[in-house]
Amino acid sequence: FGLDMALLKRFPIRGDDYIELRANGYNLPNHPTFDYGDQLISSVNFGRITDTLSSARVWEFGLYYRF
């Protein structure tokens, strides 16, 4: 399973204008989902799992001025 999260804080400036500080996290538990092993019997890597289906944990930070 995957777990994503977003946290934000808004700082009002004047009227409808504000600054938004945002942090997004993707794949927070960072559990790998392994790909199928190489299934070609004549391959050197036959039966070896060399990749994952899911990406690693990713963080994004943003500062936005909304008007």
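The values are calculated or read from the model by the stated rules, or taken from the named source; none is laboratory data. Computed from a predicted structure; not experimentally measured. Reconstructed Cβ throughout: ideal geometry from the backbone, glycine too, with neighbour counts over all protein chains shown.
How many residues does segment 39-67 hold that are farther than 30 Å from residue 16 by Cβ and in contact with a Leu (Cβ under 8 Å, 6 or more places away or on another chain)?
2
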- Query: Would you say residue 1 is assigned to a strand (DSSP E or B), exposed (fewer than 12 other Cβ atoms within 10 Å of the Cβ) and among the aromatic types (Phe, Trp, Tyr)?
  - Reply: no
- Message: Can you report the number of residues in segment 49-67 which are more than 30 Å from residue 35 (Cα to Cα) and at pLDDT below 85?
- Response: 0
- Pairs returned, first residue in segment 1-29 that is without any contact (Cβ under 8 Å) to a residue 60 or more places away in the chain, second residue that is part of a loop (DSSP other than H, G, I, E, B) and aromatic (Phe, Trp, Tyr), beta-carbon separation under 9 angstrom, 6 or more apart or interchain, are 13/67; 15/67; 16/67; 17/67; 18/67; 29/1
- Item | Every residue from segment 20-64 that is basic (Lys, Arg) and over 21 Å from residue 2 (Cα atoms) | 48
